[in-house]
Amino acid sequence: MQLPDENIEYDYRRLLAPIPDAWTPLAELQAKHFLAPDKLDPMRTKLNAIRGQIASERELQNPPAKLQPLQVGYIDLPQKLLDQFRRRGEQSELGKLNRIATRIRENVDRFIVLGIGGNHLAGRVLFEALGHNHHNEMPAKMRMGRPRLYFEGNNLDNDSVQELIELLDHNCVDPDLPEERWGFAVISKSGDTLETAAAFRAFRAEASRFYGPKSEWLRKMIVPVTGIKGKLRELAKADGIADEDILTIPDDIGGRYSVFTPVGLLPAAVVGLDVRALLLGASAMTKRFLEEPFERNPVLQFAAVNYLMTDEHGMSTRVMNVWNRKLEAVGHWYDQLVAESLGKSGRGPLPVTAVCSRDIHSRGQLHQEGPRDKVFNNLIVRQSKQPPVMIGMSDRNEDELNAISRKGYPDLLEAAFRGVNEAYYDGARPAADIVMPNISEHTVGQLLQMLMLATAVEARLCGTNPYGQPGLETYKSNLMRILRASPNLPKGEVRDAAKGM
Ligand code: PA5
């Protein structure tokens, strides 16, 4: 059950233009660059209409051409998965995912996720937000036997692939020893994304060398995650991977909206995260979105405020200030969501992630005094996961920190947050806060679902289709055309050619 204090909220009060007691240069600047409170009221009717439209889009069997592509499966998926699991247990999608994840968890020490775009960021966001910062460096006992997790197939970087293979070659010599075994997921909905397909070839050949081409382990340690049909499914079947060992990305869910499909849930389950709590959080957010009025609806608030700041105030850069290192990948995941969903027809904000206080020391100057083209969304967490590291008294006080000896890191961060945001306010730089009570599966589930839904609402406000990425498809087909047209010869010295399984 969701307690009210576990709710995520969006607090945009500081971004509203205050009613000045007297005319001052600051009041004038704030009136110009902050949001006039009376701008939000007329939005409510429009927002309710869009919410109704999105709710009804979920029921459309044959969407009209002007709505296509329409990929709204992510809205109800969390609750559907939970309901199906309750009814069918091991026979459900979640049951299947748990079975595969348990097999991996119990048999390998290293697991690699191959995928790009949403297929990379979904697993990364959950692993980084909810895992230990140094998970991979921990001894197996401290990881409670959960495998180390790596990400590849998210670039065309030769050295990155080669160095991961080198790491495996060095540490994984005997496939009979569980602590030396490794496996991987290959995630691609279409099955024809080059970055992922090429990495699949490389790691498939490597696994075949390690386990032996006829070994049963080989089939068991590779998990394809793909669409209902496509090249990857065909290839997996040809390799002898059974249907019950292939996880499916539903047709009506696009890459950047797929975090609660096996794309995100498989890596999460492999490293032992509470998948059901994630889904409960996401489902609670869908319910809030569909049922709550504007005042209690962070999805509508976030969409409306960001739309107005971008489209009416010309804030073309949207900075996500992330106040917890664990949430950096949330920022990058949101970058993709915004860029691919809103960046169409010559429109769309530039999304940027900054980790605070780290990036205040690199980009803070620009944010405070650079062009007035930015709106800031702080992502803050009220309660840190770990007990506070205290400053403490020292017999050497040259650094003069004894004066704050009874404070801990959470106090330092709070002061930095206030310092930056007071400066923003006094400089008429608009900023609002997404507030998380803590970082847990339940709150991360809410957060990601909130950002996906808000992006869809914002796109509809702009008259943009939030789904599909036609610009990216052009890159994909150009890439293959250029490769096929150039001589089929390698550049540089070659490592063993991939031989397949
Ligand atoms: O959001 C999207 O759909 C894209 O960024 C895809 O995630 C990315 O291009 C990978 O596509 P695929 O799953 O077909 O390999």
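The values are calculated or read from the model by the stated rules, or taken from the named source; none is laboratory data. Computed from a predicted structure; not experimentally measured. Note: ideal-geometry Cβ built from the backbone for every residue, glycine included; neighbour counts use all protein chains shown.
From Gln79, Gln162, which residue is touching a residue at least 12 places away in the same chain (Cβ under 8 Å) and loosely packed, with under 13 Cβ neighbours inside 10 Å?
Gln162
Applying the selection to region 186-231, what residues are among the β-branched types (Val, Ile, Thr) and away from the ligand (no atom under 14 Å from the Cβ)? Spell out the reasoning first.
Within region 186-231, the subset among the β-branched types (Val, Ile, Thr) is 186-187, 193, 196, 222-223, 225-226, 228.
Within region 186-231, Ile222, Val223 qualify.
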Query raised in the report: When the residues of region 1-16 are filtered to those that are at pLDDT below 95 and surrounded by 13 or more Cβ atoms within 10 Å (Cβ to Cβ), which remaining residue is farthest from Ile434 (Cα to Cα)?
Result: Gln2
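For every residue, the table says whether it meets (1) touching a residue at least 24 places away in the same chain (Cβ under 8 Å); (2) within 21 Å of Asn7 (Cα to Cα); (3) in contact with a Ser or Thr (Cβ under 9 Å, 6 or more places away or on another chain).
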site	(1), (2), (3)
Met390	no, no, yes
Asp399	no, no, no
Leu413	yes, no, yes
Arg418	no, no, no
Ala428	yes, no, no
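Of everything in region 124-167, what is within 16 Å of the ligand (Cβ to nearest atom) and within 21 Å of Arg181 (Cα to Cα)? Give them in sequence order.
Of everything in region 124-167, those that are within 16 Å of the ligand (Cβ to nearest atom) and within 21 Å of Arg181 (Cα to Cα) turn out to be Phe151, Glu152, Gly153.
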Requested in this report: Identify the residue in region 391-434 that is of a type in the set (S, T, N, Q) and part of a loop (DSSP other than H, G, I, E, B) and, among all such residues, is nearest to Phe376 (Cα to Cα).
Outcome: Ser405
Report summary line: Reported set for region 234-252 where residues are farther than 22 Å from Val108 by Cα and either surrounded by fewer than 17 Cβ atoms within 10 Å (Cβ to Cβ) or away from the ligand (no atom under 12 Å from the Cβ) (or both) is Glu234, Leu235, Lys237, Ala238, Thr248, Pro250, Asp251, Asp252
Query raised in the report: Any chance region 473-495 includes a residue that's within 16 Å of the ligand (Cβ to nearest atom) and not in a helix (DSSP H, G or I)?
Result: no
Report summary line: The condition of being part of a loop (DSSP other than H, G, I, E, B), touching a residue at least 12 places away in the same chain (Cβ under 8 Å), out of contact with any His (no Cβ under 8 Å at 6 or more places or on another chain) and not aromatic (Phe, Trp, Tyr) holds, among Leu218, Leu235, Leu266, Leu273, only for Leu273
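Can we say Ser362 is farther than 29 Å from Arg460 by Cα and touching a residue at least 24 places away in the same chain (Cβ under 8 Å)? Outline the logic, then answer.
Details: farther than 29 Å from Arg460 by Cα: yes; touching a residue at least 24 places away in the same chain (Cβ under 8 Å): no.
Spelling it out, it is not the case that Ser362 is farther than 29 Å from Arg460 by Cα and touching a residue at least 24 places away in the same chain (Cβ under 8 Å).
From Phe111, Phe85, grab the single residue that is within 24 Å of Met138 (Cβ to Cβ), buried (at least 20 other Cβ atoms within 10 Å of the Cβ) and of a type outside the set (A, V, I, L, M).
Phe111
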Query raised in the report: Picking from Gly255, Gly272, which residue would you name as being crowded, with 21+ Cβ neighbours inside 10 Å and closer than 30 Å to Tyr150 by Cβ?
Result: Gly255
Report task. Might you check whether a residue that is part of a helix (DSSP H, G or I) and under 29 Å from Gly95 (Cβ atoms) occurs anywhere in region 154-175? Result -> no
Requested in this report: From His134, His120, grab the single residue that is surrounded by fewer than 19 Cβ atoms within 10 Å (Cβ to Cβ) and either under 21 Å from Val223 (Cβ atoms) or within 20 Å of the chain's Cα centre (by Cα) (or both).
Outcome: His134
Query raised in the report: What are the pairs, 6+ residues apart or on separate chains, where a residue within region 462-474 that is closer than 17 Å to Ile253 by Cα has its Cβ under 6 Å from a residue that is in a loop (DSSP other than H, G, I, E, B)?
Result: Tyr467/Pro69; Tyr467/Gln71; Tyr467/Gly254; Gly468/Pro69
Requested in this report: Determine, yes or no, whether Tyr307 is modelled with pLDDT of 95 or more and within 17 Å of the chain's Cα centre (by Cα).
Outcome: no
Query raised in the report: What number of residues within region 65-76 are touching a Gly at 6+ places or on another chain (Cβ under 9 Å) and either more than 21 Å from Gly468 (Cα to Cα) or surrounded by fewer than 16 Cβ atoms within 10 Å (Cβ to Cβ) (or both)?
Result: 2
